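The values are calculated or read from the model by the stated rules, or taken from the named source; none is laboratory data. Keep in mind that this is a model prediction, so the values were computed, not measured. Note that we place each Cβ from the backbone using ideal geometry, even for glycine, and neighbour counts take in every protein chain shown.
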Amino acid sequence: MAMHPMEQFEVAPAMGMEHPLFHLFGYPIYFTNQSLLMVIVVAAASLFLSLAVKPGRLVPNKTQSLAEVSYEFVANMIHSATGEEGLKFFPFVFTLFVFVLCCNFFGMVPGSFTVTSQIAVTFSLACLVILIVIGTGFAKHGIGFFKLFVPHAPWYLLILLIPIEVISFLTRPISLSVRLFANMLAGHTMLAVFAGFVILLGGAGGALSALSILPMALIVAIMLLELLVAFLQAYVFAILTCIYLNEALHLHDQH
């Protein structure tokens with residue numbers, strides 16, 4: 001158990017690696033615990049989805065049913081947010097959803113590392129989403145993509161509304177990344193704090209040891225809540241991606 005609630009979020013070289021892999025612009029680059037968990041998440045998710053679905057199986061087992069439900073869940077989410085045209089982004093949105101979801105769930109394992117508690121990771125994912133949105137918008141509409149920043153309003157209001165729309169669009173990577181980062185950071189910090197209470201009260205002896213049951217019960221409740229939050233944050237990240245893609249595809253046509 002970490003002595004300080006924030007120690008669980010420290011990025012450090014993995015497996016006692018003392019020497020960097022290489023140097024980039026004079027800065028040492030290590031294979032960190034964060035990188036290790038991302039590799040484990042990608043490998044585990046890929047292995048599960050590859051082995052769970054067998055085309056020749058007439059009656060799906062539980063693992064195949066789970067994989068098929070996840071496929072259908074993401075497909076329905078994309079279709080409801082973007083329509084038929086948005087289904088071509090299914091591989092990207094599905095990969096994003098599964099990666100964030102698995103990172104959130106793997107971070108709940110004691111002694112593990114929560115990748116999505118790092119703003120560098122969530123901001124990189126958010127920037128990737130916005131770059132794909134911008135690329136999609138220009139690919140379909142060309143210079144007409146800038147109409148996204150011109151809402152349907154009287155001309156005299158556009159002087160105020162256009163800068164607001166531009167600023168709102170540019171801040172999307174920040175809001176998208178901070179939402180996920182802050183929720184995972186806050187939840188895991190709370191778990192560490194109550195775990196510290198359990199250790200302190202349990203080691204106090206006497207009647208105080210019995211009081212350790214209360215923070216332990218809170219840990220169980222918070223853990224269940226964190227599992228729900230882990231799923232909801234992955235869903236929110238994916239659905240907002242779909243909404244942004246819908247705007248790039250249809251501009252203000254479906255507003």
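Does Leu87 qualify as being modelled with pLDDT of 95 or more and in contact with a helix residue (DSSP H, G or I) (Cβ under 9 Å, 6 or more places away or on another chain)?
no
For residues that are over 24 Å from Val53 (Cβ atoms) and assigned to a helix (DSSP H, G or I), tally how many sit in the range 71-89.
The total comes to 3.
Filtering the range 241-255 down to residues that are surrounded by 18 or more Cβ atoms within 10 Å (Cβ to Cβ) and of a type in the set (A, V, I, L, M, F, W, C), which residue is nearest to Val98 (Cα to Cα)?
Per the stated criteria, the residue is Cys242.
Filter the range 158-187 down to residues that are surrounded by 11 or more Cβ atoms within 10 Å (Cβ to Cβ), without any contact (Cβ under 8 Å) to a residue 12 or more places away in the chain and more than 29 Å from Ser117 (Cα to Cα), then give me how many there are.
4
Can you find a residue in the range 91-100 that is more than 23 Å from Val229 (Cβ to Cβ), more than 17 Å from the chain's Cα centre (by Cα) and in a helix (DSSP H, G or I)?
There is no residue in the range 91-100 that is more than 23 Å from Val229 (Cβ to Cβ), more than 17 Å from the chain's Cα centre (by Cα) and in a helix (DSSP H, G or I).
Just the residues that are crowded, with 16+ Cβ neighbours inside 10 Å and touching a Pro at 6+ places or on another chain (Cβ under 8 Å), please, taken from the range 87-128.
Phe123, Ala126
I'm trying to understand the selection: among the residues of the range 157-179, which are of a type in the set (Ser, Thr, Tyr) and assigned to a helix (DSSP H, G or I)?
Once the filter is applied, which keeps residues that are of a type in the set (Ser, Thr, Tyr) and assigned to a helix (DSSP H, G or I), the range 157-179 yields Ser168, Ser175, Ser177.
May I ask you to verify whether Phe105 is assigned to a loop (DSSP other than H, G, I, E, B) and modelled with pLDDT under 95? Please lay out each step first, then the result.
Values: assigned to a loop (DSSP other than H, G, I, E, B): no; modelled with pLDDT under 95: yes.
No.
State yes or no: is Ala43 exposed (fewer than 12 other Cβ atoms within 10 Å of the Cβ), modelled with pLDDT of 80 or more and either part of a helix (DSSP H, G or I) or touching a Gly at 6+ places or on another chain (Cβ under 9 Å) (or both)? Break it down into steps so the answer makes sense when it comes.
Numbers: exposed (fewer than 12 other Cβ atoms within 10 Å of the Cβ): yes; modelled with pLDDT of 80 or more: yes; either part of a helix (DSSP H, G or I) or touching a Gly at 6+ places or on another chain (Cβ under 9 Å) (or both): yes.
Here the answer is yes, as Ala43 does meet what is asked.
Taking only the range 157-201 into account, find how many residues are farther than 23 Å from Ala234 by Cβ and modelled with pLDDT under 80.
The number of residues fulfilling the criteria is 9.
Which count do you get for residues in the range 207-255 that are at positive phi and modelled with pLDDT of 90 or more?
Count: 0.
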